[in-house]
Amino acid sequence: MKIKVRTTDGKRITVPVPVSAVGAVLRLTPASVWRTAAENVPDPYKPLVSRKMILLYYKACKEILHDHPGLELVRVEAADGTFVSIKL
């Protein structure tokens, strides 16, 4: 997996992340982070933002992630020119 960030001042950052490391990071993320994330999500989606649910999604998608290298999961371009991309 590759995370690419391009800032408005022209800096480019590329971070390679092994897919297996994502599971470890999800397991090690403190509960306070999940609570804060749930507070910033609209009410109907709050039950979906928890360590248990995100790990469930990760495990369900892990095989799909390995079968489709190069798949772009996230692509965000802000009005100020900031760009973020997450690809497998």
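The values are calculated or read from the model by the stated rules, or taken from the named source; none is laboratory data. Predicted, not measured: the structure shown is a model, and the values here were computed from it. Heads up, the Cβs are rebuilt from the backbone with ideal geometry, glycines too, and the neighbour counts pull from every protein chain shown.
At a glance:
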| read-out | value |
| --- | --- |
| Strands (runs of 3 or more DSSP E) wholly inside the chain containing at least 3 residues that are in contact (Cβ under 8 Å) with a residue 40 or more places away in the chain | 2-6, 83-87 |
| Filter pass, LEU55 being at pLDDT below 90, out of contact with any Phe, Trp or Tyr (no Cβ under 7 Å at 6 or more places or on another chain) and farther than 30 Å from LYS11 by Cα | yes |
| Within the stretch 15-24, considering residues that are within 15 Å of ILE86 (Cβ to Cβ) and loosely packed, with under 11 Cβ neighbours inside 10 Å, the one modelled with the lowest pLDDT | PRO18 |
